[in-house]
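Reading through the structure tokens given below for one structure.
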Amino acid sequence: MPPLSDIADLQASMGDFTPYYQQGESFSYGAWLDGFQTSLDVAGIADPFGIADGVNAVIYVGRGQWADAGISAMAMLPYVGNVAKSSRLASNAVRLTKKLASESQMAEIGQIIIRSDKLRDAAKLAEKYGGNATDWVKKTSQPFTINGVKFETHWYENLLTGAREEYKTKFIW
């Protein structure tokens, strides 16, 4: 791999950081990096020198997540920064719970919500993922509720191959 000359090269070499439950992949470096950064958050609570938080801030800058970079930089201040970081850790816990629920929903057979003859994206799906446009439908999972927030997972599915693509979490208000 050639040397990286700037942040854009770094981001291009690292690829897409969309969580894998949205991509339909079994592994994502973004999900791995999210977990690593959460570990740095936890380690930073006990780190009196702020090294873990500093490393975390640099990673967030590299990912273009400026607000989180600011929180990690502020977390380098003893005690004061831990207050800001605790809100992010709580948010990560909620995100993890939703992610696990979404993965659980993907194990369902699902219910067709848009048939192939009404699916506007059917031709694009067939071109991108294979099959015929008439093979593709849009499906939904059963609703799931966490802390009073109700959501379900939607995806496109090829009825002949069983391939599922483009997962999305939809909140129900």
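The numbers here are math on the coordinates, done by the rules we state, and not lab data. What you see is a predicted model, and the numbers here were worked out from it, not measured in a lab. FYI the Cβ positions are ideal-geometry reconstructions off the backbone, even for glycines, and counts take in every protein chain you see.
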Relative to the present Cα-Cα distance, how much length would full extension add between Ile112 and Ser39 at 0.36 nm per residue of separation? 22.4 nm
Using alpha carbon coordinates only, what is the Rg to Rh ratio of the stretch 122-171, with Rh defined as the Kirkwood radius? 1.11
Under the rule of at least 5 residues apart or a separate chain, name every residue whose amide H is placed under 5 Å from the amide H of Ile113. Lys138, Lys139, Thr140
Once both labels are modelled 7 Å past Cα along the beta-carbon direction, what's the Ala67-Thr134 spacing in nm? 4.7 nm
